[in-house]
Amino acid sequence: MKKLSLIFVFVVALLFIVNIDTSATGLNEEFVHYKISRIENFDATKNVEKAWALEYRPGAGPVIIVKRRAKSATYYVVKSEFFEVCYAAGHKGFGVAIMRNNWRDVPEELSNAVINAEAMKGQSILTPNKIGDEKALALIACYLPRLLNDSYKHLLN
């Protein structure tokens, strides 16, 4: 009986360790698949070059990505009802950038509660290479869920 209890404790401990290990990778199965669709008739009065809708689950409210050009870089502003984040493609590469205040629609305090500041620092350069729209959108779709604090990841579904 004592041997059986020891084996049981060992198995439970092993399962616990495996569970921690898989969650530590940051990969979440629900964000592996996504769909990006071009928004054809987006309001271009706000100096927006192109816009796309990003969905991680069919029927979920999409995250909107708008492309803006500035002198030094191309910006991809990612917007939802509760957060905004900006990615930039410039001479240093592609990664998270500081959002210009005149591009904000969501209060900064709300967005800061949803977005993890440490994760933003870790995504400051996702690639040092020059990239186009297709690669930028794929990187945003893959890395965006990692920017959200765990208690707010449901906002993407």
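Considering only the stretch 102-123, state which residues are hydrophobic (A, V, I, L, M, F, W, C) and in contact with a helix residue (DSSP H, G or I) (Cβ under 6 Å, 6 or more places away or on another chain).
Hits for the stretch 102-123 are Val114, Ile115, Ala119.
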Would the stretch 70-78 turn up any residue that is in contact (Cβ under 8 Å) with a residue 40 or more places away in the chain, out of contact with any Ser or Thr (no Cβ under 9 Å at 6 or more places or on another chain), assigned to a loop (DSSP other than H, G, I, E, B) and not aliphatic (A, V, I, L, M)?
no
Taking the stretch 102-134 as the region of interest, how many residues are part of a helix (DSSP H, G or I) and closer than 19 Å to Val48 by Cα?
4
Tell me which of these Thr74 doesn't satisfy, since it passes every other one: (1) surrounded by 13 or more Cβ atoms within 10 Å (Cβ to Cβ); (2) of a type in the set (Ser, Thr, Tyr); (3) more than 16 Å from the chain's Cα centre (by Cα); (4) modelled with pLDDT under 95.
(4)
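I need the full set of residues from the stretch 124-140 which are in contact with a helix residue (DSSP H, G or I) (Cβ under 8 Å, 6 or more places away or on another chain) and either buried (at least 18 other Cβ atoms within 10 Å of the Cβ) or under 13 Å from Val63 (Cβ atoms) (or both), in order please. Please lay out each step first, then the result.
Of all residues in the stretch 124-140, those in contact with a helix residue (DSSP H, G or I) (Cβ under 8 Å, 6 or more places away or on another chain) come to 126-127, 131.
Hit for the stretch 124-140 is Leu126, nothing else.
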Matching entry among Phe82, Phe42 (being at pLDDT below 85 and assigned to a loop (DSSP other than H, G, I, E, B)):
Phe42
Residues of the stretch 84-117 being farther than 25 Å from Ile131 by Cα and crowded, with 19+ Cβ neighbours inside 10 Å, in sequence order, are Val114
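The values are calculated or read from the model by the stated rules, or taken from the named source; none is laboratory data. The model shown is predicted, which means the values in this text are computed figures rather than measured ones. Backbone-built Cβ (ideal geometry, glycine too); neighbour counts: all protein chains shown.
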